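Just below is one structure, and these are the notes that go with it.
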Amino acid sequence: MKIVSVGDEHLNLMFSLIGITGFEITTEDEDELKEQFNEILRDKDIGLIIISEKFLIRFKGFFTSLKKQKSPIIIEVPDIKGTLDFNYFQQFIQKYIGLI
């Protein structure tokens with residue numbers, strides 16, 4: 001199972017330091033984003049996608065349906081100017097292991 005990051009240049013650089021492949025998305029167009037993201041989803045070896053929260057906020061409808069799938073798991077990480085709640089990751093892990 002592979003882990004990949006999807007985001008801007010800074011996010012992908014950070015994750016590349018620990019060996020995670022990054023996919024940079026630079027588009028603001030929703031159709032183009034869907035094409036690029038669906039290309040990533042075609043790789044059935046990917047089990048976890050780490051994505052910048054700015055894409056989830058900007059394209060909420062598209063990612064809401066994707067996050068309901070069991071595989072790959074999609075988690076968002078805050079941007080430099082992020083807005084995620086401090087306890088987000090604790091709640092995320094509890095949800096996926098069945099504590100919530």
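Charged (D, E, K, R), under 22 Å from residue 95 (Cα atoms) and either surrounded by 13 or more Cβ atoms within 10 Å (Cβ to Cβ) or touching a residue at least 60 places away in the same chain (Cβ under 8 Å) (or both) - does that describe any residue in the stretch 45-53?
To start, the set of residues in the stretch 45-53 that are charged (D, E, K, R) comprises 45, 53.
Going one step further and asking which of them are under 22 Å from residue 95 (Cα atoms), we end up with 53.
Among the residues that remain, those that are also either surrounded by 13 or more Cβ atoms within 10 Å (Cβ to Cβ) or touching a residue at least 60 places away in the same chain (Cβ under 8 Å) (or both) are: 53.
Yes, because at least one residue in the stretch 45-53 is charged (D, E, K, R), under 22 Å from residue 95 (Cα atoms) and either surrounded by 13 or more Cβ atoms within 10 Å (Cβ to Cβ) or touching a residue at least 60 places away in the same chain (Cβ under 8 Å) (or both).
Working only within the stretch 1-22, note down all residues that are without any contact (Cβ under 8 Å) to a residue 24 or more places away in the chain and polar (S, T, N, Q).
Taking the stretch 1-22 first, the residues without any contact (Cβ under 8 Å) to a residue 24 or more places away in the chain are 9, 12-14, 16-19, 21-22.
Listed by number, the residues that qualify are 12, 16, 21.
Which of the residues belonging to the stretch 1-55 are of a type in the set (Gly, Ala, Ser) and touching a strand residue (DSSP E or B) at 6+ places or on another chain (Cβ under 7 Å)? Those that are of a type in the set (Gly, Ala, Ser) and touching a strand residue (DSSP E or B) at 6+ places or on another chain (Cβ under 7 Å): 5, 7, 16, 22, 47, 52.
Is the stretch 22-40 home to any residue that is out of contact with any His (no Cβ under 7 Å at 6 or more places or on another chain) and closer than 25 Å to residue 97 by Cα?
No: zero hits.
Listed by first and then second residue, the pairs with beta-carbon distance under 7 Å, at least 6 apart or on different chains, first residue in the stretch 23-39 and without any contact (Cβ under 8 Å) to a residue 12 or more places away in the chain, second of a type in the set (S, T, N, Q) and surrounded by 12 or more Cβ atoms within 10 Å (Cβ to Cβ), are 27/36.
Among the residues of the stretch 28-72, the ones that are of a type in the set (A, V, I, L, M, F, W, C), touching a helix residue (DSSP H, G or I) at 6+ places or on another chain (Cβ under 7 Å) and over 22 Å from residue 14 (Cα atoms) come to 3 in all. Residue count for the stretch 1-60, restricted to those that are aliphatic (A, V, I, L, M) and farther than 21 Å from residue 71 by Cβ: 6.
A short reminder: the numbers here are calculations on the coordinates, not readings from a lab. Everything numeric here is computed off the predicted structure, so don't read it as measured data. Ideal geometry is used to build each Cβ from the backbone, glycine not excepted, and the neighbour counts take in all protein chains shown.
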